[in-house]
Amino acid sequence: MRFEQYLSKICFKLGNPARYPRYRTGLRRPNLHFQSPSLLSLSGFHPFRAYSIFKGPGALKGNSLPTVNIPRFLSFSSIPKAIIRSLRLPVAGFSLVAGGVAYVGAQVQRASDYTKDVFDRAFNVVDTAWDKTRGVVNDATSINLPEIHMPGWMEKILRLDEESVEKRRQMQLRKTLEKENQAENESSSSGGDDNPAGVVVGLTGAVASNLTNDDENSYEKLNEDEKQRLAQESKDDRMMIFTKKMIEIRNILHDIQDDNSHITLPSIVVVGSQSSGKSSVLEAIVGHEFLPKGSNMVTRRPIELTLVHSKETTTPYCEFNGFQFGQITDFTKVQQILTDLNMAIPPRQGVNDDPIRLTICASHIPNLSLIDLPGYIQIHSSDQPVDLDDKIASLCDKYIQEPNIILAVCAADVDLANSTALKASRRVDPLGLRTIGVITKMDLIPPEKAVSILRNEHYPLHYGYIGVISKVPQLSMWSRNQNLTDIVSSRERSYFSAHPEFRELPVLPMLGIQNLRKNLIHVLEYTMSKNLQYTADSIRSELDDCSYQYKVQYNDRLLTAESYIAENLDVLKAAFKELSQKLDKNEVRALLKETLNEKILDLLAERYWMDQNILDWTKQSRTVDEHWQYKLDSCVSMLTRMGLGRVSTLQVTELLSKKIEEISKQSPFGEHPGALQYILNATQDILRRRYHNTSEQVENCVKPYKFEVEIDDEEWKASRSEALVLIQKELSLCQAAEEKIKKALGSKRLSQILDFLDSQAKSSEPLPVAHSAILLDQGRLMQYLQMRETILKLRLSTLKSKTCKLKESKYLCPEIFLNAVSNKLINTAVLFINIELLSEFYYQFPRELDQRLIHSLTSDQLASLVDENPRVKSQIQLQRKKQALELALLKINSLAMLERQTDTD
Ligand SMILES: Nc1nc2c(ncn2[C@@H]2O[C@H](COP(=O)(O)OP(=O)(O)OP(=O)(O)O)[C@@H](O)[C@H]2O)c(=O)[nH]1
């Protein structure tokens, strides 16, 4: 190949072969593309520059060598029952007494604190277990649900309003009084960190041990109303905790769910016609205006809302899951983001089923999971798709399936018979068992008609209807921060109390946002609880499947992004070590030698072989006059002033970059373009940092040679041998080129062409052209090569002669002297390149890799790097899914276990 290029280059310039001092193309010139822009700018190397040397003597001037570039069967409220029923245990009597008295007594405070703590453990034991492996499912748990605090309910938990429990408590109390200490011990030993039920039993015992008869008497002193109020509060708190836990589980499962997943945890899905008042209802529930508003169908994507009750949160905040907006406390901003995200769906598309996930955390909101959907439409505008109504209907149908609860929002001023929401809900829930009807705009119809709708006579629903007046009033500047729920409730109270029709008892609980909120909490909790076992079974089944796949496909080998990258780094570092042993001083020397040999040959060709007197001078006179002295001195000057510092440093940096790229591509990082880029950047950065220093050092140290080069005999001898090899190689190349032309044209035709060219040269008149221009070019090239062969042979014989044995004959044997000079330059350059560049690079590179690929990357960056390899990506995804399912199962089992124990008791 090199040979063809060599020939083609010559042919390129064939018009005047005599202008080409060497027919070498400089192919051995390094292809120096240093990626650093700054170094590139230093380069100045042009791919065709090699030709410039053919442009005559002057062309070489200034040319240095190329430069180096997320009715229930068992109520959760039975969890505390479980505790009460556990009072049948010897220790239990104490516990119940303690529960009643805990509310009022000072001792109770200590007991209840302990109880909270232990119950927390009962619920959160899985959290602890999970903590050990957390990190892998960071994404699933990325919503930072606030820490669960048992808000006073554990202080009240033992005070249940159920008579049977109270009787049992009395009986058990008598039985167990004498065995107090023993019970305490037993209960203590029955508790365990890893068994939630055990923890419950343990905690009651622990509480019991802290209580006295005085405490019980205090509880007895409470009147019935007080007891009922406390019991209700306790229930509400329990529900809240349960729902929150379930929402947590839902969030864990959210990110790992795919099309094959059958696990669904219930949410409340809000459906209704456009402008029926869905957003107003949701905002009244949340207490803030945050949903997109406008006439042009502003809800185009499902909005999955997770409401998280957090007592400690003084300033409510929102988080968009899957976005890096952080915690947003300004609800106007939330509204703007939601509007933008919705409006990003072009009208031509209509709706999109990719949900926006938003979590709202506040002290005044319940734990709820709600989904807002685009409103059903009757007609579409010209820029909307003709089948938009179908698209919305099918999107809503997707969400209103079991086990979700349907919140069918109907405006009171529209006949219920025409409610699209009710029609849709009836299709999937014909008995109306999981549909709640919300009648908005109650203020727009006569009270008697409103009451008639609420009586649930025409379109009965299991959970009935709730009438609201949810219109959000125009808020003044100073009332903007006020809780919207309070404002709406207050306006509702004024309206409903002003109309006697609403004062009838059966109707009262069916009115107002507050009642709607309470109903939603109860229905969601009930539905979740009802589905608890089914959900647990689904998770278990999916986990089994997932574990099986993991074992079969990956032999249960744990893989994390960190460990994967670390392992690959080890492989790369091993290859790097090998490289550093190979690419040593000798390698650099060979590289520079090749470069300088090219330079010498170019100089010889230009300065000597093109000289018309070379043949005579070599054959006959061999005199050293000024002419020939000047030639050698200028060649030495060209060699020593070629910018060796820059050239050699760039060549070595280029070689290093190339080698690092090669070993990186051969390493497992070869399948990670992103990681490769980090590696290459690290390489470039180190080399860039070392470049200037090294090149300066080399340049400074070769400076003396610009003025004087002293050669000893040994050096001369070695250089002579090398020069012979060099010229011999050049001769071989020349002969091979001739042979090639001969083969291509044939001997006969070639000699005809050569004869013609000879005759033409001798004739004063132009001869008739007997050959094509291409053939004539080939002939001229042949003449040129033959002449060069002759010169090279003569030079070889001179170099072999006695004359060239002595260093004093340097002007007669320039090839040897130039070779000796190049050796001196190379030795100096190699010395400093080795110290300033190679050693430093070999030290810094592995450390730079650790820094860039381990220490500096965020977990997201790390994950996206690892995901570049589809095989590893699917392994980590399956592993993440497995771990998320395990966590979800642990959490749901802890809830189910407490319920089962209560049932057994
Ligand atoms: N009088 C009265 N107006 C209400 C009531 N609830 C909502 N509105 C008004 O009805 C209009 C539509 O309310 P939205 O809450 O935006 O209805 P929507 O169903 O969310 O509308 P889309 O998102 O467009 O489907 C707004 O002008 C509200 O102010 C209400 O109880 N009484």
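The values are calculated or read from the model by the stated rules, or taken from the named source; none is laboratory data. No experiment lies behind these values; they were computed from the predicted model shown. With ideal geometry, Cβ positions are generated from the backbone for all residues, glycine too; neighbour counts draw on all protein chains shown.
Side notes on the structure shown:
- Residues of the stretch 659-676 that are within 14 Å of L572 (Cα to Cα), under 20 Å from the mean Cα position of the chain (by Cα) and not charged (D, E, K, R): P668, F669, G670, H672, A675, L676.
- Test: residue in the stretch 296-311 that is within 14 Å of the ligand (Cβ to nearest atom), closer than 26 Å to I241 by Cβ and either assigned to a loop (DSSP other than H, G, I, E, B) or modelled with pLDDT of 90 or more (or both): yes
- The requirement of being in contact with a Lys or Arg (Cβ under 9 Å, 6 or more places away or on another chain), assigned by the TED database to the domain that holds M610, surrounded by 13 or more Cβ atoms within 10 Å (Cβ to Cβ) and over 22 Å from A605 (Cα atoms) is not satisfied by N819.
- Residue match in the stretch 376-388 (condition: among the polar types (S, T, N, Q), within 16 Å of the ligand (Cβ to nearest atom), surrounded by 14 or more Cβ atoms within 10 Å (Cβ to Cβ) and part of a helix (DSSP H, G or I)): no
- In the set I854, I876, I892, only one residue is within 30 Å of L656 (Cα to Cα) and aliphatic (A, V, I, L, M); that residue is I854.
- Enumeration of residues in the stretch 688-710 that are assigned to a loop (DSSP other than H, G, I, E, B) and among the charged types (D, E, K, R): E708, E710
- Of all residues in the stretch 389-413 being farther than 27 Å from T527 by Cβ and buried (at least 16 other Cβ atoms within 10 Å of the Cβ), the one that is farthest from the ligand (Cβ to nearest atom): K391
- Annotation for the stretch 752-759: no member residue is assigned by the TED database to the domain that holds K802, in a loop (DSSP other than H, G, I, E, B) and farther than 30 Å from K800 by Cα.
- V468 vs. criteria within 14 Å of the ligand (Cβ to nearest atom), touching a strand residue (DSSP E or B) at 6+ places or on another chain (Cβ under 9 Å) and modelled with pLDDT of 85 or more: yes
- Only one entry in L454, L444 is within 16 Å of the ligand (Cβ to nearest atom), more than 22 Å from Y376 (Cβ to Cβ) and in the same structural domain as V269 (by the TED database), namely L454.
- Residue selected from the stretch 265-288 under the condition more than 9 Å from the ligand (Cβ to nearest atom) and in contact with a Ser or Thr (Cβ under 8 Å, 6 or more places away or on another chain), by the criterion farthest from H380 (Cα to Cα): L265
- Restricted to the stretch 318-334, and to residues there that are surrounded by fewer than 18 Cβ atoms within 10 Å (Cβ to Cβ) and not hydrophobic (A, V, I, L, M, F, W, C), the residue that is nearest to the ligand (Cβ to nearest atom) is T332.
- Per this entry, Y548 is counted among residues that are surrounded by fewer than 19 Cβ atoms within 10 Å (Cβ to Cβ) and over 30 Å from T306 (Cβ atoms).
- Flag if G432 is within 26 Å of R493 (Cα to Cα) and assigned by the TED database to the domain that holds P509: no
- Output for the stretch 402-413, where each listed residue is under 45 Å from the mean Cα position of the chain (by Cα) and not small (G, A, S): E402, P403, N404, I405, I406, L407, V409, C410
- Of all residues in the stretch 606-626, one or more are hydroxyl-bearing (S, T, Y), loosely packed, with under 15 Cβ neighbours inside 10 Å and outside any loop (DSSP other than H, G, I, E, B).
- Between L416, L422, the distinction of being over 47 Å from the mean Cα position of the chain (by Cα), more than 13 Å from the ligand (Cβ to nearest atom) and crowded, with 17+ Cβ neighbours inside 10 Å belongs to L416 only.
Residue-by-condition table, conditions (1) within 29 Å of the chain's Cα centre (by Cα); (2) among the aliphatic types (A, V, I, L, M); (3) assigned by the TED database to the domain that holds A411; (4) closer than 19 Å to A362 by Cβ:
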{"residue": "L230", "(1), (2), (3), (4)": "no, yes, no, no"}
{"residue": "T243", "(1), (2), (3), (4)": "no, no, no, yes"}
{"residue": "L253", "(1), (2), (3), (4)": "yes, yes, no, no"}
{"residue": "I268", "(1), (2), (3), (4)": "no, yes, yes, yes"}
{"residue": "S273", "(1), (2), (3), (4)": "no, no, yes, no"}
{"residue": "L291", "(1), (2), (3), (4)": "no, yes, yes, yes"}
{"residue": "N296", "(1), (2), (3), (4)": "no, no, yes, no"}
{"residue": "R301", "(1), (2), (3), (4)": "yes, no, yes, no"}
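- Residue match in the stretch 794-814 (condition: in contact with a Phe, Trp or Tyr (Cβ under 6 Å, 6 or more places away or on another chain), β-branched (V, I, T) and within 21 Å of Q612 (Cα to Cα)): no
- Residue match in the stretch 344-352 (condition: farther than 18 Å from Y399 by Cβ, assigned to a helix (DSSP H, G or I) and within 16 Å of the ligand (Cβ to nearest atom)): no
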